[in-house]
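Right, one structure below, let's go through it.
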Amino acid sequence: MNNKTALIIGAGDAIGSAIARKFAGRGYTICAARRNGDKLTPLVEEIEATGGNAYAFTCDARKEDQIENLFAEIESNIGELDVVVFNVGANVPMGILQTDSRKFFKIWEMACFAGFLSGREAARYMTKRNRGTILFTGATASVRGSAGFAAFASAKHGLRALAQSMARELGPKNIHVGHIVIDAAVDTAWIQQMLPDYKQRKDNDGVVNPDDLAELYVQMHEQPRSAWTFELDVRPWTEKW
């Protein structure tokens, strides 16, 4: 049983994988979960190649039984969770007239309901030990609803409210709950294709580097409890806000 274990739910190819690598570099055993766990093989191999320990899990964070089983397996067979990061994305732009109820509900499930399930399950284990960190990944939509993002903004607003409530309830129990607002484009394959001025922005530090962003998650987890941060608001130096 390793006494330093981190779970990243939504361990995608950019932000999630970067967070996993950063915690692995601090000596944490990494548990990475996403809907298609087979896609995590390169990440696990990379961490193990540098002497770390990593495990891949297939999990749909919208499904209560799958989240419960994920936490139970890790706690029973790998180690007590010190930090849990909820990083599931659902950034799907669509106009309000094109947003049917099925699409709205699915985006809410992914970006908000899944965060509730993950946060609640993390709290169930951490409150027994009176220690731990739970971090939620937010977005511009967490604080500002833009045109064409009604479903996503409503879900991200809800996730932020969930995190605020959990922070107030769990802080006195020595559990640090935090929310990271990423108010900018993150350097991903999708952004590289979508931004016509990507290269210029990249060369000028105008897009968020996933590795730099991941460092902030580690810093929040390592903060002394006399000076905990609830929310970080992150953007490149060139971003207008």
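Tabulated data
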quantity	calculated
Helices (runs of 4 or more DSSP H) contained in the range 178-241 and holding at least 3 residues surrounded by 15 or more Cβ atoms within 10 Å (Cβ to Cβ)	198-203, 210-222
Enumeration of residues in the range 126-141 that are crowded, with 21+ Cβ neighbours inside 10 Å and modelled with pLDDT of 95 or more	126, 132, 133, 134, 135, 136, 137, 138
Residue tally, condition touching a residue at least 24 places away in the same chain (Cβ under 8 Å), among the hydroxyl-bearing types (Ser, Thr, Tyr) and loosely packed, with under 14 Cβ neighbours inside 10 Å, over the range 45-98	1
All positions within the range 142-177 that are more than 26 Å from residue 80 (Cα to Cα) and either modelled with pLDDT of 95 or more or assigned to a helix (DSSP H, G or I) (or both)	142, 150, 151, 152, 153, 154, 155, 156, 157, 158, 161
Number of positions in the range 92-122 that are under 20 Å from residue 60 (Cβ atoms) and touching a strand residue (DSSP E or B) at 6+ places or on another chain (Cβ under 7 Å)	5
Residues satisfying the stated conditions in the range 183-217, i.e. farther than 16 Å from residue 17 by Cα and touching a residue at least 12 places away in the same chain (Cβ under 8 Å)	183, 184, 185, 191, 195, 201, 202, 204, 205, 206, 207
Within the range 185-241, considering residues that are among the β-branched types (Val, Ile, Thr) and either on the phi > 0 side of the Ramachandran plot or in contact with a Pro (Cβ under 8 Å, 6 or more places away or on another chain) (or both), the one modelled with the lowest pLDDT	188
Only one of 47, 107, 134 that is aliphatic (A, V, I, L, M) and over 22 Å from residue 182 (Cβ atoms)	47
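Rundown of residues vs (1) part of a loop (DSSP other than H, G, I, E, B); (2) under 15 Å from residue 11 (Cα atoms); (3) hydroxyl-bearing (Ser, Thr, Tyr), yes/no style:
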position: 66; (1), (2), (3): no, no, no
position: 70; (1), (2), (3): no, yes, no
position: 75; (1), (2), (3): no, no, no
position: 85; (1), (2), (3): no, yes, no
position: 90; (1), (2), (3): yes, yes, no
position: 103; (1), (2), (3): no, no, no
position: 108; (1), (2), (3): no, no, no
position: 117; (1), (2), (3): no, no, no
position: 122; (1), (2), (3): no, no, no
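The values are calculated or read from the model by the stated rules, or taken from the named source; none is laboratory data. Since we're looking at a predicted model, the values are computed, not measured. A quick note on method: Cβ atoms are made from the backbone with ideal geometry, for glycine too, and the neighbour counts reach across all protein chains shown.
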